[in-house]
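K.L.:
Please see the structure below; I have some questions.
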Amino acid sequence: MAEGGGGGTSMWEQTRQHYNSHVRDNFSTREALQQRNEGPAKELKDFHNHVKRQLIMRFAYKQDRVLDLCCGRGGDLQKWRDAQIGYVKGLDISEREVEEAKRRFMELGPKRSRGVAVNMVCEFEAVDWLGQRLFEDEKAGPGSYGVVTCMFALHYFFVSEASLLFFLRNVSANLRHGGYFIATFTSGPRVLKLLEGRPEFRSPMLRLARRWKDPHRPPTFGAGYICDIADTVTASLEGTSEGSLEYLVDLSALLQAAANVGLLPVIDYMDPVLATCFRDEDIDAPFKHFKPFFLHSLQLDYVEGKLPPQPPSSLEKASSLFAACVFQKVDSPHDVSVPMAPECSFMQNKQMKGGHMAHGLPMGHTAPGGHGQPPPGIGVPPHPWPHRPYGDVPYGGGQHAYGGGGPQQMYSAGPPYGYGGTAHQHGGQPSFGGPGGSDRHKRETGGPPGRSRFNQ
């Protein structure tokens, strides 16, 4: 049994009830988006959606089949469609969230991308056994998915070692060889650091409450805690839920358990926009911790009669709890690779139609790249997709190209926005990756902090 608040079926039932309680009846997608845009946690939600969008675009672009474990209410539907994914199977423990996901998909309607119709098919199913038994797609069979995702939910499977192993076996069994597993989750070390041995951490936008016994020696599995981030799906609801019951993720245990089922970590995503989302010290690490900057979030911490709050804000502390990882199903670390970036594939298609390639690699090949530089001959091309919710100025622009500046070899117009060069032509501040400076200085001047990796 889990030390921190129930094990087996009782734990999953508590999780199911919590997420069911967050579903509102007769609430359209338009109304849900309006509520999100008006809520106090909007900056956190925007940033987390941005991270997911970039990961999906980088590792799942134009995949024919994607399996989304713990799909929730289908919050990534638009991201999947923009990535031109053909088919998505979504599984979740909350039957009410699954019903909402189905409704949102029906409301999505048809779309065209680059003049081509995007006919995405999505199927959602409520299940309660992802951490208890193996899942096999009855129609397509094992190894039929190019990508498996689990967004902001992997921590639940640390309720027990058996649960984590079943979950990772499900991931590996359904991935084809060379496929990718993308996950975001609450990082155990970050939770421990914020608690500092205390039974509870409390702030205006975040509450953590320890449920395991020894504050300094948590068990590898079953170390439960309550995570309550205001204005999010983890938030407490009076009379129904005290918050989300989660479990500390032991990073070394996750790395070993993944390796045991043939999943090896991707270290370098070769994506400068993604790099700006994560802490610099994680550049060579398998787990990338979020590095948020929310310009207006300190206002949420203001208490009349007390000293002005100091950064980081409680909302930034909440976002900093999370990490991302990408694993690939391969035989050895030497086989780990990254897919060709969407924009590189797009440009190569145009060049191939002309009968030659001015730069870059043959179609279907991915070049190894050192940290801080793009694949040889590719340069850093522009993003062809919209950067919602940041509009014209996505995270990751600024005044240096990938790794240290210089003109782009592939494009005569110079470095595109989002990957270096001056601020976007529509005006405004350079986006993340621009001039350096402390967070405090940037808050005072109205701009985001620098990202040192791109200021060398």
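K.L.:
Enter the mean projected area of the convex hull around the alpha-carbon atoms of segment 48-149, in nm², rounded to one decimal. Could you put the intermediate results ahead of the total?
P.N.:
On the way: hull surface 26.5 nm².
Mean shadow area of the hull around the Cα atoms is 6.6 nm².
K.L.:
A235's amide H: which non-local residues (gap 5+, or another chain) put their own amide H closer than 5 Å, with H modeled 1.01 Å from N in plane and none for Pro or chain starts?
P.N.:
I229
K.L.:
Which FRET efficiency, nearest 0.05, do H216 and E138 yield, Cβ-Cβ r, R0 45 Å?
P.N.:
About 0.45, to the nearest 0.05.
K.L.:
Hey, another quick one. Need one number: nm distance between label points at N20 and N37, each 7 Å from Cα along Cα→Cβ, rounded to one decimal.
P.N.:
Going by the 7 Å Cα→Cβ label model, 3.3 nm.
K.L.:
Quickly work out the Q310-to-W129 label distance, labels modelled 7 Å from Cα along the C-beta direction, and quote it in nm with one decimal.
P.N.:
Label at W129, label at Q310, 5.4 nm between them.
K.L.:
Could you pull out which residues in segment 221-255 have an amide N less than 15 Å from a spot 7 Å beyond the Cα of A162, following the Cα-Cβ vector?
P.N.:
Counting backbone N atoms under 15 Å from the label point, the list is 221-222.
K.L.:
At what distance in nm do the modelled label points of I283 and Q299 sit from each other, each positioned 7 Å from its Cα along Cα→Cβ?
P.N.:
Once both label points are built, they end up 3.5 nm from each other.
K.L.:
Right, next: How high is the FRET efficiency between H177 and A253 when r is their beta carbon distance and R₀ equals 30 Å, given to the nearest 0.05? Spell out each step's value before the answer.
P.N.:
Numbers: r = 25 Å, r/R0 = 0.82.
The computed FRET efficiency comes out at 0.75.
K.L.:
Non-local amide H neighbours of F152 (under 5 Å, H modeled in plane, Pro and chain starts lacking H): which ones?
P.N.:
It is T184, F185, by chain and number.
Since every read-out is calculated from the coordinates, none of them should be taken as a lab result. If you're wondering where the values come from, they're calculated on a predicted model, not measured in any experiment. Here the Cβ is made from the backbone with ideal geometry for all residues, glycine too, and neighbour counts use every protein chain on show.
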